[in-house]
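Report on the structure given below.
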Amino acid sequence: MFKKLLSRILPSEESSQPVEKTAASPAELPRMIEAAGVPPLDFEELLIVEQGLPVPDWDAVMEWTSEIGDAAGRDRVWGEMEVAWLVHLRAALGAHYRLVRRGSAIVLSSLDGVEAVAAAQFMNAAQQQIVKVLGGVAQAPEGAGHDILLVLDDEDTYYDYVARYYPDEGEFAFSGGMFISHGCGHFVTRKARDLKEIEPTIVHELTHGSLGHLPIPLWLNEGLAVNTEERLSPGQTQQHTARQRDAMHRKFWNARTIQEFWTGHSYSRPDEGNMLSYDLGRLLVRHLSADWPRFAEFANSALTDDGGAAAAREALGIDLGELVKALFEVDDPQQNWSPQPALWAQEALTEPLPAQRHCHAPVTM
């Protein structure tokens, strides 16, 4: 019954039938999931509904799947539960949403059939290109599951959904898309007038997914994502000219604020520090990656704990702080702009980051 329902709601990629527009009725929504050697799981009981949008208790799901002895069985059941969740989420979002599967990609959106299929196909192609462009650094995510993209209709629905992945208090930066790493990794963005408008976000977030095996600092992760986005989806309109951004950098960064950059906290600022963090990460990666083999060695050994400082010295012979000072012509040897983990214990630099690993600030206007 479960497999029959899922095959009706989510046709295989070989299916020539149009994607069904009518959402499953409440009585048809997938509930009991079975696997050999373990008691059946009441999937519906594990759904946590916030703002009317359901997401499973993934910790409980993983605990249940860990009891399945057969690895192939675990992979199969995990994929089924991903789809079961998307069917429940689709029902909550409305009958105008549809599910489309192509290859390893599943898209949940209200895009028309052709656009939804194109988005899924773009995800598959982009994943292959990312691994090629970031050779020796990126890798296709391993293990069970699909590449999932949620394209939500409007800003309100988008923030209703992603709010659960933010801390309960504080001001937070706006975002145009996210890679949610908790539980079932997936990408979420907002609907645009044209598919081309969300392709940069897809590339950006897929890049994050392809770097998930590396314990790298956020600035390096984001810098790689932004540069890959620009390479594979060029032509985006920038809010500020290069000269304007340079002036903003010189005004904003100093020996104190640069520590927020190395920790990653500046990416969550609600002011211009958010945009400047993405741009500084882009600049650093573009500069450091001129010698790709050495950069790949750096990227594979960089650690969040010290902002990548030790790896930069060993693989590249560079002091990161001195490099940033040189970029912005800070000629003061008394100022220490290098990552200083000893300072990061201070309260000003230890505000909690959002639970999702990466936020993507809008870059188009």
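The values are calculated or read from the model by the stated rules, or taken from the named source; none is laboratory data. Since the model is a prediction, treat every value here as computed from it, not as a measurement. Don't worry about glycine lacking a Cβ; one is built from the backbone with ideal geometry, like all the others, and counts go over all protein chains shown.
Exactly one residue out of A125, A105, A140 is surrounded by 16 or more Cβ atoms within 10 Å (Cβ to Cβ) and either farther than 24 Å from L46 by Cβ or in contact (Cβ under 8 Å) with a residue 40 or more places away in the chain (or both), and it is A105.
From A348, A310, A299, grab the single residue that is part of a helix (DSSP H, G or I), among the small types (G, A, S) and at pLDDT below 95. Talk me through it step by step, then tell me what you get.
Numbers: A310 fails: at pLDDT below 95; A299 fails: at pLDDT below 95.
The match here is A348.
Hey, does segment 198-216 have a residue that's charged (D, E, K, R) and free of Cβ contacts under 8 Å to residues at least 60 places away in the same chain? The answer is no; no qualifying residue exists.
Across segment 213-262, the number of residues qualifying as assigned to a helix (DSSP H, G or I) and of a type outside the set (D, E) comes to 27. Look at (1) loosely packed, with under 14 Cβ neighbours inside 10 Å; (2) under 19 Å from L224 (Cα atoms); (3) over 22 Å from the mean Cα position of the chain (by Cα) and you find that R286 fails only one, number (3). Here I198 clears all of (1) surrounded by fewer than 24 Cβ atoms within 10 Å (Cβ to Cβ); (2) among the hydrophobic types (A, V, I, L, M, F, W, C); (3) closer than 29 Å to S110 by Cβ except the condition numbered (1). Within segment 295-327, the set of residues being crowded, with 17+ Cβ neighbours inside 10 Å and basic (K, R) comprises just one member, K325.
Go through segment 102-145 and give me each residue that's at pLDDT 95 or above, out of contact with any Ser or Thr (no Cβ under 7 Å at 6 or more places or on another chain) and assigned to a loop (DSSP other than H, G, I, E, B). Within segment 102-145, S110, G135, G136, V137 qualify.
What about G183, is it in contact with a strand residue (DSSP E or B) (Cβ under 8 Å, 6 or more places away or on another chain) and modelled with pLDDT under 90? I'd like the intermediate steps shown before the answer.
Numbers: in contact with a strand residue (DSSP E or B) (Cβ under 8 Å, 6 or more places away or on another chain): yes; modelled with pLDDT under 90: yes.
Yes, satisfied.
Considering A309, A225, the condition of being closer than 21 Å to D331 by Cα and touching a Ser or Thr at 6+ places or on another chain (Cβ under 7 Å) is satisfied by A309 alone. Can T241 be described as of a type in the set (S, T, Y) and in contact (Cβ under 8 Å) with a residue 12 or more places away in the chain? Against the criterion (of a type in the set (S, T, Y) and in contact (Cβ under 8 Å) with a residue 12 or more places away in the chain), T241 does not qualify.
Checking each residue in segment 83-101 for being assigned to a helix (DSSP H, G or I), farther than 12 Å from L150 by Cβ and under 20 Å from the mean Cα position of the chain (by Cα) picks out only V83. Filtering segment 266-280 to residues that are in a helix (DSSP H, G or I) and of a type in the set (D, E) leaves E272, D279. Consider segment 313-323 and keep the residues that are more than 26 Å from the chain's Cα centre (by Cα) and assigned to a helix (DSSP H, G or I). The one that is nearest to G136 (Cα to Cα) is A315. Only one entry of L214, L206 meets the criterion of being farther than 21 Å from S109 by Cα and either within 14 Å of the chain's Cα centre (by Cα) or crowded, with 16+ Cβ neighbours inside 10 Å (or both), and that entry is L214.
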